[in-house]
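A.B. asks: This structure is in structure tokens; I'll ask about it shortly.
What follows draws every value from the coordinates through simple rules; no lab data is involved. Computed from a predicted model, the values in this text were never measured in an experiment. When we count neighbours, we look across all protein chains shown, and the Cβ atoms used for this are built from the backbone with ideal geometry, even at glycine.
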Amino acid sequence: MAYPQNCFAQTTIRDYSLLGRRRHAAASNTLRYQLDVLKKTGRYDAFKLHWHPSYNDPPTVWPIPNHLFWDSDIAKWIEGAAMFLKQQPDQEIEEAIVDLVDMIKSAQQPDGYINIHFTVVGPGRRFTNLRDFHELYNAGHLIEAALAHENTFHDRRLLDPMLKYVDLLCDTFGGGRNQIPGYPGHPEIELALLRLYDHTKNTKHLELANFFLIERGNAHGWFGRHYYDVEAERRGDDPNKRPAFYPERRCLWYHQAHEPIAEQQTVEGHAVRAMYLLTAATDLKRVMPDSVGQKFESAIYRLWDNMVSRKMYITGGIGAIKQWEGFGLDYFLPQGTDEGGCYSETCAAIGVMMFAERLLQIKLDGRFADTMELCLYNAVLTSMSDDGRRFTYVNQLASSDQDPSKREEWFTCACCPPNVLRLLAQIGGYLWTHKIDEAEASAEVAVHLYTSATLKFAVGDTEVQLEQQSNWPWNGDIKFNLKTTLSKLRLRLRIPGWAKSFQISDGCPDLDVNDGYVEIPTAWLASNKTFSLSIPLIPRLIAPHPFTNQHTLSLARGPIVYCVEDIDNPWVEDHFKSTQISQDCKIEERPMQEKTSGDSLVGLTITDGASIIGANSRNNSPSMSLGSCYKSEPIRELHFIPYYHRSNRGGSGQMRVGLRREAPPVGCQT
Ligand SMILES: [Zn+2]
């Protein structure tokens, strides 16, 4: 098993591909930009354990201190930076990493403990609020940073302190006498411990991950009661006061702690927490397939299906509800703030990709890769500007006067920007999965995502080099070139669920699609090491599930979902609420060349079949009489751009993905 975080460097992504260009922006701009922000905001020096004036600030979201996540902001930046440095040296960035690692080491307490808040602001309160205070979440991100650091620099300057901290955690948490039978309110450490176990093979690390995952949601975990109930009582929490993100008292589903994971029927609560938790649960199933794996098996697929079929936006975003940054009722997926809310946090979409990637490790099924790609090219890529210096946290599908479509320089709670950074750093590890059997001198490669890139690995002394060359996602022709003398190589290529057809080079036998992949026959491959796969990319209309009660249509082409913006359609005044399109509309492709980024992309234009409905604001009753028609005026050209590209070119921030679906109004039939 190769985690993307470990194997990404075996893939070289060409700079001219879309993914390559976004990676280039991250490596050349985002790394430095975020480093500057870390310095300006006090995060960079926080491990020196001095008091920062902002520690006195009242919490933006009560009762969470604003600086509570600073450890993780630093950790995610180190993780992303170390990954970029593995592929391209950068002295200034490396010096900052050295500096930060020294500060983290110096912040370690004699017993191994590392945490900014609980050392500086809340000493003596360690491990008293696992539910709300992100202590173990921060530890998890520091573990991941240490693994990336060790992987790049081959030294243990960060890993050793983290191992000492993990020793403390292993002693502290568990089901034994004098141990705390608790688990974190925000999962993260579980997936980090599993990755640590993969590196150390120390079963203590596996056992602690296992404990956190199995114990979660136990109604009788501490003195016969739910751990979080006893913990809150011991803290002396006022039972009538609840955190700002709780819509009700004792809101255990917010943390996915209302039931044991194996018994959960629907995906609930905070979306990022749910994704990190299920990523870890899926990975634990892989590591322990017979014991825990069996317990988790049906829950993992059930919760995935519930999420994708009922709680996911057409952009791959999840989480409609702002208050708890998470899932609403089934099919409750409004597009924007003034329609009921649309949160769709960047980290949550990244979490979907992580969950999908772990699922692909245990079951090669194109539906997981389809969703992974949907998230990547839409809900995730939209979160960073072309130049890599502006970010989104919320990724709504329609703007409003309250919430125009725009990116920000930074956030008080800044989980998303460094998360995008580290994802782009390791994205090569998501393109394909390869498995090696040294004893059999064989290998398997499954290609999930198309771009321009080369994968290199070795089976014993035999090198394998697989290159894919394409202009994906704008052009669906992909050329493959395999260089190896290895005779036993299984190669499978994903055929996306939206593809109407596909073609492999002349001479290749007809291939069946099984679970979203075609397998190139080994014998044919041996004599056809250069071949092509063509997947026509044709603009298409898509619609949300009818139960969303949104009678809308959107444009998509390949994995890209499109939106309309005021910069291309300057007549708009109402965030495109009165714009409608017909299902018979005529769609034309429009090549675009972006001046600032140099990106080439494909825009779309509806040249026939878009119109504006007459405003019904003169209607002074809650209903329209049958027979009172909307008048509509045709729009000569309605221009669309990829959703990920929004808010890069100025404008007033009016944007929409799903447009009203034209239909004859009731009562106009006569
Ligand atoms: Zn986030």
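A.B. asks: Could I have the simple spin-label model distance between Gln465 and Tyr331, label points 7 Å from Cα toward Cβ, reported in nm to one decimal?
C.D. replies: With each label point 7 Å from Cα toward Cβ, the separation is 5.4 nm.
A.B. asks: Given R₀ = 25 Å, FRET efficiency for Glu408-Asp45 by Cβ-Cβ distance, to 0.05?
C.D. replies: Calculated value: 0.65.
A.B. asks: Okay, next question. Using the Cα gyration tensor of the range 7-426, with a ≥ b ≥ c the square roots of its eigenvalues, what is the shape: rounded (a/c below 1.5), prolate (a/b larger than b/c) or oblate (neither)?
C.D. replies: Rounded, since a/c falls under 1.5.
A.B. asks: As an exercise, use a Förster radius of 45 Å and the Cβ-Cβ distance of Thr60 and Asp305 to find the FRET efficiency, rounded to the nearest 0.05.
C.D. replies: The computed FRET efficiency comes out at 0.80.
A.B. asks: Between rounded, prolate and oblate, where does the range 174-252 land on the alpha carbon gyration tensor, with a ≥ b ≥ c its root eigenvalues, rounded for a/c under 1.5, else prolate if a/b exceeds b/c?
C.D. replies: Here the range 174-252 falls in the prolate category.
A.B. asks: Fewest first, what order do Leu18, Leu100 take by the number of other Cβ atoms within 10 Å?
C.D. replies: Fewest to most other Cβ atoms nearby, the residues stand as Leu18, Leu100.
A.B. asks: Can you give me the C-alpha center-to-center distance between the range 1-25 and the range 565-600, rounded to a whole angstrom?
C.D. replies: If we compute the Cα centre of each part, the gap is 30 Å.
A.B. asks: Length gain on complete extension for the stretch Ser442 to Glu233, per 0.36 nm per residue less the alpha carbon to alpha carbon distance?
C.D. replies: Residue separation times 0.36 nm, minus the Cα-Cα distance, leaves 69.5 nm.
A.B. asks: Another question, if that's okay. What FRET efficiency do you get for Gln583 and Asn178 if R0 is 45 Å and r is their Cβ-Cβ distance, rounded to the nearest 0.05?
C.D. replies: Approximately 0.10, to the nearest 0.05.
A.B. asks: Suppose a student asked you for the relative contact order of the chain, using Cα pairs under 8 Å spaced at least 6 residues apart; what percent would you report?
C.D. replies: 12 percent
A.B. asks: Could you list Trp62, Trp571 in order of exposure, starting from the residue whose Cβ has the fewest other Cβ atoms within 10 Å?
C.D. replies: Listed from fewest to most nearby Cβ atoms, that is Trp571, Trp62.
A.B. asks: Sticking with this one: In nm, to one decimal, how far is the Thr203 label point from the Asp99 one, both placed 7 Å along Cα→Cβ?
C.D. replies: Going from the Thr203 label point to the Asp99 one covers 4.5 nm.
A.B. asks: Enumerate the residues in the range 50-71 having an amide nitrogen under 17 Å from the point lying 7 Å beyond the Cα of Lys322 toward its Cβ.
C.D. replies: Within reach of a label on Lys322, which here means backbone N under 17 Å from a point 7 Å along Cα→Cβ, the range 50-71 contributes 60-62.
A.B. asks: Turning to a different aspect of this structure: Compute the distance from the alpha-carbon center of the range 262-321 to that of the range 498-534, in whole Å.
C.D. replies: 32 Å
A.B. asks: Modelled label-to-label distance, Lys631 and Arg661, 7 Å Cα→beta-carbon offset: nm?
C.D. replies: Going from the Lys631 label point to the Arg661 one covers 2.8 nm.
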